[in-house]
Number of protein chains: 4
Amino acid sequence: MTRARLRDLGIVVGSLPPGKWNAITDVPGVRVGHATLIRDEPTVVRTGVTAIWPRGPEIWRDYAYAAYHSFNGYGEMTGVVWLDEQGLLGAPIAITNTHCVGVVRDAICAYAVRERIDTAFHLPVVAETYDGRLSDAESFPVTRELAFAALDAAASGPVAEGNVGGGTGMMCHQFKGGIGSASRLATTKAGVFTVGALVQANYGARELLRVDGVPVGREIGPDVVPLPAGPSGADGGSIIVVIATDAPLLPIQCRRLARRATTGLAWVGGIGANGSGDIFLAFSTGNHVPHDLPVTEARSLAPEQMTPLFQAAAEATEEAILNALTAAETMVGYRGFTAHALPLDRLQEVMKRYRPASGTKRG
Amino acid sequence: MTRARLRDLGIVVGSLPPGKWNAITDVPGVRVGHATLIRDEPTVVRTGVTAIWPRGPEIWRDYAYAAYHSFNGYGEMTGVVWLDEQGLLGAPIAITNTHCVGVVRDAICAYAVRERIDTAFHLPVVAETYDGRLSDAESFPVTRELAFAALDAAASGPVAEGNVGGGTGMMCHQFKGGIGSASRLATTKAGVFTVGALVQANYGARELLRVDGVPVGREIGPDVVPLPAGPSGADGGSIIVVIATDAPLLPIQCRRLARRATTGLAWVGGIGANGSGDIFLAFSTGNHVPHDLPVTEARSLAPEQMTPLFQAAAEATEEAILNALTAAETMVGYRGFTAHALPLDRLQEVMKRYRPASGTKRG
Amino acid sequence: MTRARLRDLGIVVGSLPPGKWNAITDVPGVRVGHATLIRDEPTVVRTGVTAIWPRGPEIWRDYAYAAYHSFNGYGEMTGVVWLDEQGLLGAPIAITNTHCVGVVRDAICAYAVRERIDTAFHLPVVAETYDGRLSDAESFPVTRELAFAALDAAASGPVAEGNVGGGTGMMCHQFKGGIGSASRLATTKAGVFTVGALVQANYGARELLRVDGVPVGREIGPDVVPLPAGPSGADGGSIIVVIATDAPLLPIQCRRLARRATTGLAWVGGIGANGSGDIFLAFSTGNHVPHDLPVTEARSLAPEQMTPLFQAAAEATEEAILNALTAAETMVGYRGFTAHALPLDRLQEVMKRYRPASGTKRG
Amino acid sequence: MTRARLRDLGIVVGSLPPGKWNAITDVPGVRVGHATLIRDEPTVVRTGVTAIWPRGPEIWRDYAYAAYHSFNGYGEMTGVVWLDEQGLLGAPIAITNTHCVGVVRDAICAYAVRERIDTAFHLPVVAETYDGRLSDAESFPVTRELAFAALDAAASGPVAEGNVGGGTGMMCHQFKGGIGSASRLATTKAGVFTVGALVQANYGARELLRVDGVPVGREIGPDVVPLPAGPSGADGGSIIVVIATDAPLLPIQCRRLARRATTGLAWVGGIGANGSGDIFLAFSTGNHVPHDLPVTEARSLAPEQMTPLFQAAAEATEEAILNALTAAETMVGYRGFTAHALPLDRLQEVMKRYRPASGTKRG
């Protein structure tokens, strides 16, 4: 089955225009890299690492303001105590599987050593979702080298989606999930800013899946073969959302932006089920924080100008999740379990049925 | 125009069943009272107070676990520092207009004095939304006596909705808003629990309004007469959500429940616009905390059983907002501004148009 | 008994130098005003309001970055949900007694109306401690006019301490307490900044009172007449600390500063007893946030330069509390209860006994 | 030089009585294990892992309520997003060096696999302080096996202190620091409870060091040889405090207890310098949370009974830090740097000089 992005299917969610690549990389300077690990021996592994550089290598010395929000903290994101205290990102971000958060976290410290970065103290942000349905998570398959590969692979331009990087073995609304991305342009009195989102989507019940309000999951109905038992049920999973913007925000404003991922997630059907680690990070490249100046200058978008960014963050999150669903391919994994891709023909059929015959303009 | 509740119009949102009155009062012991103040002299006032008793008067001595979540903190809720510290409610809750939070807050202390409550220290929870479009807020119209009237009026049974109590002068999605309520029954392995929501809805842009995913606001289109300028625009307003449950929860679990109001709000089209104070309170009547025992006993629903409650809280919030919209009547207020009610015929027409001809069962 | 400031007694705590007035008003632009209400009829009242203007009246339009920290949230501070969201102060601050937080809070809204401030939405910060031992708190004696008087009285220069304003009826370490203030100069690579503290001190057990590490409370021993029963015991009370600085801080950095009040409080002997509302506010006048610009400029002191400010905040808090104790005079209040002032001769005698004969230089 | 515990030197801080071993292990069921790694080839390493089991191996299935507080978040503690959400500890805790947090964190997941624990999802709490002054941190010396060794070594009884486990290469107030522990018995109306603390102390400026209020650091004066440059200065370091109690607390109450580590830290002279990661964890063994029941029973100590526990937590933290200082031996480490132990004879001489000739009874 040929996969696609949501808009390629003629389906548009939200009302703000996307950026050039409709991806987090539309925010100037942001780079994304994946390292994917798929093997069947000695055990079945479907995992990987996705790295996001808020800027290029200058991030080690030119920090970015950032903040996180935990909608449902059944998950791990390292570095959050530091974020709460200082509101600064001084290293690339990574996402991987649950049991390998640690090795990837230390790997970013080691990468700084490799690159002879002398800003001595790093508290990297690494997050996770659980891929134990499709991958032998207990084999701890991710290595420092795999993390380095993701970090080294980072580039601007279109972002690979679906079964790649940290998203390789993930599921979403009981379909095959993974990595997705999208972006929006937000018009304010201070100019037009880009808001981009990247998700590692691994959460959700099928009956709650909605696309532009249409109950697609309910219409498609349950899988013939149920999910394996255990933490891997509809309640399990998680979603990590990373939001980037070039709007000049302070840390406290990044936190506001991070919280809006909740809205986009709700629109697709995520309710923060108990077992879902729904943790969101937002950063701004619109300010520069050189680590060695006694005082730094910053600009702050006025509170009144934030609303378009909030809508952009919600819409970009919504579409990034849907892009993960439409991009991800059916995968056979650990113990023979098959995660089925969202059937694009069924998606289009349901969408058509739920839309009025007369073309209605969007708001 | 005769107003109605959403379900009376044949429109159902969510999939869980409601309680007997489909209101927060379905949680045993919860009482709601309104005091409404509508007058044209000396200035035009459309305001009031809504009181919620988590239990009857025993709440002064038999505390309830509670917590709050601020999705967008452009508003006031007193008592939150205490809630963060102790997780206890030991007084009734009230909602009123922005400039009168203080008088209502002190009034609850004074009410305890009137009732000769000797548990000496009270830090009541009082929240607000801004009714300055329809009411001369700067006349500070609310009195201690009005607050007492709301507290004294509290009762079980159906909850008056729309232009009553604290919701009297409110607007929602640029229609007339106000008070709304709804409830859901959540089935867990520990039994069936009730989750009820009461909202004071005063937020939102019309083009974002959705009902069961259908873009009702966009379809109905903008008002002929625009809103008055100032903080009263589409960006202004706020929503206070109070969630009650008889499930036995600890304070940390009440916070989880409070956060799910975000999900229900998103489903209707609330994105936490900058000027919107979207603040949520959740409490549990399922535990009793007598204030004078050295140790109290509590029960805690297992994390794994929380997901049905989360869905219930999201659905009850969603329907409570929609009930506020369908109940509230058109109102002429301060400086002649008219807030139009949501036209129920248009609502039904749009809903019908967006739904497939063949009856589709709900998940 | 003639009262004094700590340094007038030859006692120095901390190692950083104080500012000109050794008060919060050493931070340029900060003004403090008190309104004191002492009467014996119809009931005994010993209360008042203390107002702090972060800047002059321009604060209504030129906001200041701010944040709070609750060390022990058995108290009320309005406006904190807004502070958490936006990190902005746009109105004067006030401190009063527990039951009158509301009237003072609304009074600040009313004051803005009186001054025809058109920045329409105000969420003022008002805090409290409980003076029910010395004052008939249940008579709700504070009025809007009293709050206006405190706001109008605000001035730069030395700050009246002890039994004034909001501190009138307060107790501290079971001696008479009240208002105190102090300041420190902090030297950083970005220049010398002033950090000032003002406290309303109403907390603490006598046996824990320390002055520069010396167990003064233990040495002086318990009062001959015990405290009245009820919430007014050693466990009761509270302390509000307001910290101001002209260092250019962001909201997230103000929160760091606010937290250091905990350290100064600990040095005097405050442990955050259960019944004590120990809530701290910090603001920076070093940045300007005009409320009507789409983007504002800010400066941020580097993290590495914060340590001297932290020490300054801790020391200023410590000395402000001690100044409240040495300034406050013995007071006879409600139901005849007498709150004894800290005996200055005993203080000096104990300090002398605990210090080595040979003069030791301070760090 | 023979090292000692503080009380062995005749120095007593605080007023509450300690438990049998004056250590965190006085809380029934708590176990502590160290694995120490000292080697000179290929590079100089002085590091290790300290493990704390809140209960025995039953912790994997019988969770403990817990919470954290970050006084200064310049550090890492994994698992905090989960703690904030659920308030549950379901795995042992570990402390190690900064760059190796990840490997130890994953090691706890791997340990659960090794032990065939089928409660599938683990989000362990692992914290760190920086030992790069004495150890080649950039060699990433800690292995999964070392973490297993610490976990396997855990036992009840006296706790080894000073240069052991995670504390091996740490410094405190510019003396040699490391692991320390202490405990207190707190008497409440609900009975006598034990509060124990374990610290990994690696923070602080010498001139701020106080013992029972006496300015010991200032009196001893600066080292002849200054510290190496870089993040390793007086501003660097960190302190992790773990507080255990058998009092029946809810998660929200554990957080209150964790915050009191700030008080004990202040008494010794810690001000949360910018570069110091001062992060505190508290857990209660007084409740049992079997992971597989739909509802669990809990007991909650009344708010009014918490004050003795707060004092106990502050005192135990204070003495645990001082025990780390008096136990740690002089160490020569990386690049030949020597960390000098606190000279016990000087300590005793200074304490004697600052205490009045006549014996004064303690409160």
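Against the definition (at pLDDT 95 or above, open to solvent by 30 Å² or more (accessible area, probe 1.4 Å) and within 30 Å of residue C:215 (Cβ to Cβ)), how does residue D:194 come out, yes or no? Walk me through how you get there before you give the answer.
On the way: at pLDDT 95 or above: yes; open to solvent by 30 Å² or more (accessible area, probe 1.4 Å): no; within 30 Å of residue C:215 (Cβ to Cβ): yes.
Spelling it out, it is not the case that residue D:194 is at pLDDT 95 or above, open to solvent by 30 Å² or more (accessible area, probe 1.4 Å) and within 30 Å of residue C:215 (Cβ to Cβ).
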When every residue in region D:1-31 that is within 27 Å of residue D:209 (Cα to Cα) and of a type in the set (Val, Ile, Thr) is compared, the one most open to solvent (accessible area, probe 1.4 Å) is D:2
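Residues in region C:94-102: is at least one under 30 Å from residue C:335 (Cβ atoms), assigned to a helix (DSSP H, G or I) and in contact with a Lys or Arg (Cβ under 8 Å, 6 or more places away or on another chain)?
Taking every residue of region C:94-102 in turn, at least one turns out to be under 30 Å from residue C:335 (Cβ atoms), assigned to a helix (DSSP H, G or I) and in contact with a Lys or Arg (Cβ under 8 Å, 6 or more places away or on another chain).
Within region A:230-253, how many residues are at pLDDT below 95 and part of a loop (DSSP other than H, G, I, E, B)? Give the derivation first.
As a first pass, look at region A:230-253 and keep what is at pLDDT below 95: A:230-237.
Imposing the further condition that a residue be part of a loop (DSSP other than H, G, I, E, B) reduces the set to A:230-236.
Going through region A:230-253 one residue at a time, the tally reaches 7.
Please work out if residue B:293 is closer than 25 Å to residue D:87 by Cα, out of contact with any Lys or Arg (no Cβ under 6 Å at 6 or more places or on another chain) and open to solvent by less than 10 Å² (accessible area, probe 1.4 Å). If you could, list the steps in order and put the result at the bottom.
Working: closer than 25 Å to residue D:87 by Cα: yes; out of contact with any Lys or Arg (no Cβ under 6 Å at 6 or more places or on another chain): yes; open to solvent by less than 10 Å² (accessible area, probe 1.4 Å): no.
No.
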All positions within region B:324-348 that are under 30 Å from residue A:270 (Cβ atoms), part of a helix (DSSP H, G or I) and not hydroxyl-bearing (Ser, Thr, Tyr) = B:324, B:325, B:327, B:347, B:348
Tell me which residues, restricted to region D:97-117, are surrounded by 24 or more Cβ atoms within 10 Å (Cβ to Cβ), among the small types (Gly, Ala, Ser) and facing chain A (nearest Cβ under 7 Å).
-> D:102
Can you run down the residue pairs with Cβ atoms below 8 Å, 6 or more apart or on separate chains, where the first is in region C:98-111 and acidic (Asp, Glu) and the partner is surrounded by 24 or more Cβ atoms within 10 Å (Cβ to Cβ) and assigned to a helix (DSSP H, G or I)?
-> C:106/B:99; C:106/B:100; C:106/B:101; C:106/B:102; C:106/B:103
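Please determine, by comparing only the residues of region D:164-191 that are open to solvent by 10 Å² or more (accessible area, probe 1.4 Å) and touching a helix residue (DSSP H, G or I) at 6+ places or on another chain (Cβ under 8 Å), which one is nearest to residue C:213 (Cα to Cα).
First, the residues of region D:164-191 that are open to solvent by 10 Å² or more (accessible area, probe 1.4 Å): D:164, D:174, D:185, D:187-191.
Then drop every residue that is not touching a helix residue (DSSP H, G or I) at 6+ places or on another chain (Cβ under 8 Å), which leaves D:174, D:185, D:187-190.
Values: D:174: 21, D:185: 24, D:187: 25, D:188: 27, D:189: 31, D:190: 32 Å.
Looking at residues that are open to solvent by 10 Å² or more (accessible area, probe 1.4 Å) and touching a helix residue (DSSP H, G or I) at 6+ places or on another chain (Cβ under 8 Å), I get D:174.
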Look at residue C:278 and say whether it is in contact with a Leu (Cβ under 7 Å, 6 or more places away or on another chain), more than 8 Å from chain D (Cβ to nearest Cβ) and of a type outside the set (A, V, I, L, M).
-> yes
Out of curiosity, is residue D:108 hydrophobic (A, V, I, L, M, F, W, C), assigned to a helix (DSSP H, G or I) and under 20 Å from residue D:248 (Cβ atoms)?
-> no
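Every residue, every condition in (1) closer than 30 Å to residue A:307 by Cα; (2) in a helix (DSSP H, G or I); (3) free of Cβ contacts under 8 Å to residues at least 40 places away in the same chain, yes or no:
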| position | (1), (2), (3) |
| --- | --- |
| C:255 | yes, yes, no |
| C:263 | no, yes, no |
| C:273 | no, no, no |
| C:322 | no, yes, no |
| C:350 | no, yes, no |
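Just checking, does region D:120-128 include any residue being more than 21 Å from residue A:137 (Cβ to Cβ) and either touching a Ser or Thr at 6+ places or on another chain (Cβ under 9 Å) or open to solvent by less than 10 Å² (accessible area, probe 1.4 Å) (or both)? Step through it out loud before you land on a result.
Looking only at region D:120-128, we keep the residues that are more than 21 Å from residue A:137 (Cβ to Cβ), and these are D:127-128.
So of that shortlist, the ones also either touching a Ser or Thr at 6+ places or on another chain (Cβ under 9 Å) or open to solvent by less than 10 Å² (accessible area, probe 1.4 Å) (or both) come out as D:127-128.
Yes: region D:120-128 contains one or more residues that are more than 21 Å from residue A:137 (Cβ to Cβ) and either touching a Ser or Thr at 6+ places or on another chain (Cβ under 9 Å) or open to solvent by less than 10 Å² (accessible area, probe 1.4 Å) (or both).
Would you mention how many residues in region D:284-320 are assigned to a strand (DSSP E or B) and more than 14 Å from chain B (Cβ to nearest Cβ)?
Just the residues of region D:284-320 that are assigned to a strand (DSSP E or B), to begin with: D:284-290, D:295-301.
When the remaining residues are screened for being more than 14 Å from chain B (Cβ to nearest Cβ), the result is D:285.
Of the residues in region D:284-320, 1 are assigned to a strand (DSSP E or B) and more than 14 Å from chain B (Cβ to nearest Cβ).
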Hey, does region A:47-54 have a residue that's away from chain D (no Cβ under 13 Å), touching a residue at least 40 places away in the same chain (Cβ under 8 Å), open to solvent by 10 Å² or more (accessible area, probe 1.4 Å) and within 17 Å of the chain's Cα centre (by Cα)?
-> yes
Scan region B:175-216 for residues that are assigned to a loop (DSSP other than H, G, I, E, B), away from chain A (no Cβ under 13 Å) and in contact with a Pro (Cβ under 7 Å, 6 or more places away or on another chain) and jot them down.
-> B:190
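Against the condition touching a strand residue (DSSP E or B) at 6+ places or on another chain (Cβ under 7 Å), at pLDDT 95 or above, at the interface with chain D (Cβ under 9 Å from one of its Cβ atoms) and open to solvent by less than 10 Å² (accessible area, probe 1.4 Å), how does residue C:270 come out, does it pass?
Values: touching a strand residue (DSSP E or B) at 6+ places or on another chain (Cβ under 7 Å): yes; at pLDDT 95 or above: yes; at the interface with chain D (Cβ under 9 Å from one of its Cβ atoms): yes; open to solvent by less than 10 Å² (accessible area, probe 1.4 Å): yes.
Criteria met by residue C:270.
Under the condition of being outside any strand (DSSP E or B) and β-branched (Val, Ile, Thr), which residue from region A:29-79 is nearest to residue D:123 (Cα to Cα)? Break it down into steps so the answer makes sense when it comes.
So in region A:29-79, the residues outside any strand (DSSP E or B) come out as A:29-30, A:40-44, A:54-61, A:74-76, A:78-79.
Narrowing the set further to residues that are β-branched (Val, Ile, Thr) leaves A:30, A:43-44, A:59, A:78.
On the way: A:30: 29, A:43: 24, A:44: 23, A:59: 28, A:78: 11 Å.
Checking each candidate, the answer is A:78.
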Considering each of D:280, D:310 in turn, give the residue that is of a type in the set (Phe, Trp, Tyr), under 22 Å from the mean Cα position of the chain (by Cα), surrounded by fewer than 24 Cβ atoms within 10 Å (Cβ to Cβ) and closer than 30 Å to residue A:82 by Cβ.
-> D:310
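With respect to residue A:157, determine if the residue is open to solvent by 10 Å² or more (accessible area, probe 1.4 Å) and in contact with a helix residue (DSSP H, G or I) (Cβ under 8 Å, 6 or more places away or on another chain). Explain how you work it out, then say what you get.
Working: open to solvent by 10 Å² or more (accessible area, probe 1.4 Å): no; in contact with a helix residue (DSSP H, G or I) (Cβ under 8 Å, 6 or more places away or on another chain): yes.
Against the criterion (open to solvent by 10 Å² or more (accessible area, probe 1.4 Å) and in contact with a helix residue (DSSP H, G or I) (Cβ under 8 Å, 6 or more places away or on another chain)), residue A:157 does not qualify.
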Of the conditions (1) part of a helix (DSSP H, G or I); (2) acidic (Asp, Glu); (3) surrounded by 24 or more Cβ atoms within 10 Å (Cβ to Cβ), residue D:131 clears all except one; give me its number.
-> (1)
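Which of the following residues is open to solvent by 10 Å² or more (accessible area, probe 1.4 Å) and of a type in the set (S, T, N, Q): C:317, C:245, C:285? Outline the logic, then answer.
On the way: C:317 fails: open to solvent by 10 Å² or more (accessible area, probe 1.4 Å); C:245 fails: open to solvent by 10 Å² or more (accessible area, probe 1.4 Å).
Of the residues listed, the single one that is open to solvent by 10 Å² or more (accessible area, probe 1.4 Å) and of a type in the set (S, T, N, Q) is C:285.
What about residue A:139, is it among the small types (Gly, Ala, Ser), more than 22 Å from residue A:82 (Cβ to Cβ) and surrounded by fewer than 22 Cβ atoms within 10 Å (Cβ to Cβ)? It would help to see each step written out before you state the result.
Details: among the small types (Gly, Ala, Ser): yes; more than 22 Å from residue A:82 (Cβ to Cβ): yes; surrounded by fewer than 22 Cβ atoms within 10 Å (Cβ to Cβ): yes.
Against the criterion (among the small types (Gly, Ala, Ser), more than 22 Å from residue A:82 (Cβ to Cβ) and surrounded by fewer than 22 Cβ atoms within 10 Å (Cβ to Cβ)), residue A:139 qualifies.
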Checking residue D:210 against (1) surrounded by 20 or more Cβ atoms within 10 Å (Cβ to Cβ); (2) over 21 Å from residue D:6 (Cβ atoms); (3) not polar (S, T, N, Q), which test does it fail?
-> (2)
Filter result (open to solvent by 10 Å² or more (accessible area, probe 1.4 Å) and under 28 Å from residue A:303 (Cα atoms)) within region B:72-96 | B:74, B:82, B:84
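The values are calculated or read from the model by the stated rules, or taken from the named source; none is laboratory data. A quick note: this is a predicted structure, and the numbers were derived from the prediction, not measured. Note that we place each Cβ from the backbone using ideal geometry, even for glycine, and neighbour counts take in every protein chain shown. Just so you know, the surface numbers come from the protein's heavy atoms only, side chains and all, with ligands and any DNA or RNA stripped out. Shrake-Rupley method; radii C 1.70, N 1.55, O 1.52, S 1.80 Å.
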